[in-house]
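Trainee: Got a structure for you, written out below as structure tokens; questions coming shortly.
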Amino acid sequence: MTSAAAGSKGLIIAIDGPSGAGKSSVTHALAERLGYVHIDTGAMFRVVALMVQRNGIDPVDEAAVAEVCQGLVIEFDPAGGSKRVFANGEDVSALIRSPEISLLTSQVAALPQVRQALLTMQRQLGRQGGVVLEGRDIGTVVFPDADLKFFLTATPEERGRRRYEELSAKGVAVDLQQTVVEVMQRDQQDMMREHAPLRRAADAVEIDSTGLAPEEVLAVMLAEARGREGQ
Ligand code: DC
């Protein structure tokens, strides 16, 4: 596996952690500040789920789901742009964020053949460097030799509260306690999964974002990244 430190385009930075730890916004901001490409690997699994739904495929039929990945082209806007995601040239950014797709995504993300197909794509997208990849297994499986790794966490209560506020702002009627329970259930699923479970890489810098503003998290990451870029 290539380490990007030697490449001219920049570092390979991995950001892993559970849902609701604030990965997405901080990854986007970090990529923008460094002039890197932001690769949201969760969005890639979501695209597969969208295609499974559209084609009426049974999500437990692994061979059929894996076939969906063949020839599927997933692209991201270049650094500095929006968070848009394209599947075979179509902008699917909004479609992949529905609650139905979120649910279906965790099912397809557990399938080894799907993980393998996306692993190949993720390595191709990232290997030249100048990238910030966010996900669950970037520092452990996708780029174990990444130049810089972060593991971003927050307490389940904090992550549940953030999710609750996000949904409430969208006008969705939700219960705070229930949201916290769901966050903990999802953690269990992600950590107990057989293939590429969520865990912190031994060499990852752990940041607990509980009580921290996004700018504070970003400042820590930027300082680490600039230190490595200069090496
Ligand atoms: O980060 P997210 O909520 O968009 O992730 C969607 C789903 O994909 C979630 O169930 C976790 C899973 N996922 C994964 O298994 N591996 C990754 N590298 C990224 C996401």
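The values are calculated or read from the model by the stated rules, or taken from the named source; none is laboratory data. All values reported here derive from a predicted model rather than from experimental measurement. Methodologically, a virtual Cβ is constructed for each residue, glycine included, from the backbone with ideal geometry; neighbour enumeration extends over all protein chains shown. SASA here: full protein model, heavy atoms, side chains in, ligands and nucleic acids out. Shrake-Rupley method; radii C 1.70, N 1.55, O 1.52, S 1.80 Å.
Trainee: Is there a residue being in a loop (DSSP other than H, G, I, E, B), modelled with pLDDT of 95 or more, of a type in the set (D, E, K, R) and more than 13 Å from the chain's Cα centre (by Cα) anywhere in the stretch 39-54?
Mentor: For the stretch 39-54, residues in a loop (DSSP other than H, G, I, E, B), modelled with pLDDT of 95 or more, of a type in the set (D, E, K, R) and more than 13 Å from the chain's Cα centre (by Cα): absent.
Trainee: If the Cβ limit is 9 Å and pairs must be 6+ apart or interchain, which residue in the stretch 187-202 that is among the acidic types (Asp, Glu) pairs with which residue that is more than 8 Å from the ligand (Cβ to nearest atom)?
Mentor: Taking only residues 6 or more apart or on different chains, the pairs are ASP187/PRO18; ASP187/PRO156; ASP187/ARG159; ASP190/PRO18; ASP190/PRO197; GLU194/PRO112.
Trainee: Can I ask one more? Name the residue that is farthest from the ligand (Cβ to nearest atom), counting only residues in the stretch 132-141 that are of a type outside the set (Asp, Glu) and under 14 Å from ALA43 (Cβ atoms).
Mentor: VAL132
Trainee: Being open to solvent by 30 Å² or more (accessible area, probe 1.4 Å) and at pLDDT below 95: is that true of SER82 here?
Mentor: yes
So that you can scan it fast, the table gives a plain yes or no per residue for (1) surrounded by 19 or more Cβ atoms within 10 Å (Cβ to Cβ); (2) among the small types (Gly, Ala, Ser); (3) at negative phi; (4) outside any helix (DSSP H, G or I):
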| residue | (1), (2), (3), (4) |
| --- | --- |
| ALA117 | yes, yes, yes, no |
| GLN122 | yes, no, yes, no |
| GLY129 | yes, yes, no, yes |
| GLU165 | no, no, yes, no |
| ALA173 | no, yes, yes, yes |
| VAL181 | no, no, yes, no |
| ASP190 | yes, no, yes, no |
| HIS195 | no, no, yes, yes |
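Trainee: Checking GLY160 against (1) free of Cβ contacts under 8 Å to residues at least 12 places away in the same chain; (2) closer than 19 Å to SER106 by Cβ; (3) away from the ligand (no atom under 14 Å from the Cβ), only one condition comes out false. Which one?
Mentor: Status for GLY160: all satisfied but (1).
Trainee: State which residue pairs qualify: first residue under 12 Å from VAL108 (Cα atoms) and within 7 Å of the ligand (Cβ to nearest atom) and inside the stretch 36-54, second residue open to solvent by less than 20 Å² (accessible area, probe 1.4 Å) and part of a helix (DSSP H, G or I) in any location, beta carbons under 7 Å apart, and separation of 6 or more residues or different chains.
Mentor: PHE45/THR105; PHE45/VAL108; PHE45/LEU118; ARG46/ILE96; ARG46/ILE101; ARG46/THR105
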